[in-house]
Amino acid sequence: ESTRAKLPAWMPHRAVNLGLDLQGGSHLLLEVDFAAYEREKYVNLAEEVRTFLRGEKIGYRGLAVSGNRVLFSLREGALKDVAERLAKSDADLDVKVEGEQISATYTEAAMEASRKRVVEQSLQIVQRRIDETGTKEPIIQRQGEGRIVVQVPGEADPSRVKALLGKTAKMTFHLLDDSVTPDDMMHGNVPLGVRIVEGDNDDMHKYPIMSRVELSGDLLVDAHPTYDHQTGEPVV
């Protein structure tokens, strides 16, 4: 760079990008864990089904995730009628009556769209994290259905890149269950669908939150710090 800066103006100044073959560096192949993503998606679906049934005042039992589907039975009422009502509540669901149970699964089209969205988000995350290394012109490409090729010229320590990319970044928003008292939490009297989380290091409180994810990070399109116009307090 110092030699190039001294060249006269009439000479070419364009530099050749030294890739892995000339400069060396790190080459990694990443793979999206679709199985883990889908398991979490069906756990959330179970909570959504629970909320639907309670909202419709439908008595149920045995609501659980079994593989890639949610199963439950009714205390009373017509299975077919409830299955049709549940199917109408979400166009992405395939709801069927199986014997004495109702099963709810996501349609293949819905799952395919979800997988595509996850890969695109993963590419963006990898790009942002690789940019933190200060590497010029890294190569980040999708390979096949769920893999990502990462080439970082000039980075001789692949373990550093792996550590950077291996950090889990996950954000979910949950509602507090105000009906659970501190005494309930102390004695373990917590209703189904509610879990207890502890505050940070400076906060000794415990909080009863609903397991159902109200909003997940994959639905956010932008986030930035600002100030509340009325209180002047910092907000996101």
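One residue is enough: does segment 29-52 have a residue meeting the conditions without any contact (Cβ under 8 Å) to a residue 40 or more places away in the chain, surrounded by 10 or more Cβ atoms within 10 Å (Cβ to Cβ) and touching a helix residue (DSSP H, G or I) at 6+ places or on another chain (Cβ under 8 Å)? Looking for residues that are without any contact (Cβ under 8 Å) to a residue 40 or more places away in the chain, surrounded by 10 or more Cβ atoms within 10 Å (Cβ to Cβ) and touching a helix residue (DSSP H, G or I) at 6+ places or on another chain (Cβ under 8 Å), one finds at least one in segment 29-52, hence yes. Within segment 53-75, the residues that satisfy the criterion of being assigned to a helix (DSSP H, G or I) and either open to solvent by 40 Å² or more (accessible area, probe 1.4 Å) or among the hydroxyl-bearing types (Ser, Thr, Tyr) (or both) are ARG54, GLY55.
I'd like the full set of residues that are open to solvent by 40 Å² or more (accessible area, probe 1.4 Å) and within 22 Å of the chain's Cα centre (by Cα), limited to segment 76-106.
First, pick out the residues of segment 76-106 that are open to solvent by 40 Å² or more (accessible area, probe 1.4 Å): 76-78, 80-81, 84-85, 88-92, 94, 96-101.
Correct list: ASP90, ALA91, ASP92.
Counting just the residues of segment 76-93 that are outside any helix (DSSP H, G or I) and farther than 15 Å from PHE52 by Cβ, which one comes out modelled with the lowest pLDDT? Checking each candidate, the answer is GLU76. Counting only strands (runs of 3 or more DSSP E) that sit completely within segment 132-236, those holding 2 or more residues that are closer than 30 Å to VAL16 by Cβ, modelled with pLDDT of 80 or more and open to solvent by less than 80 Å² (accessible area, probe 1.4 Å) correspond to 139-143, 147-153.
Evaluate segment 111-120: report whether one residue or more is part of a loop (DSSP other than H, G, I, E, B), open to solvent by 60 Å² or more (accessible area, probe 1.4 Å) and of a type outside the set (Lys, Arg). Within segment 111-120, none of the residues are part of a loop (DSSP other than H, G, I, E, B), open to solvent by 60 Å² or more (accessible area, probe 1.4 Å) and of a type outside the set (Lys, Arg).
The values are calculated or read from the model by the stated rules, or taken from the named source; none is laboratory data. What you see is a predicted model, and the numbers here were worked out from it, not measured in a lab. Glycine gets a Cβ as well: all are built from the backbone with ideal geometry, and neighbour counts include every protein chain shown. All accessible areas refer to the heavy atoms of the entire protein, side chains included, with ligands and DNA or RNA removed. Shrake-Rupley method; radii C 1.70, N 1.55, O 1.52, S 1.80 Å.
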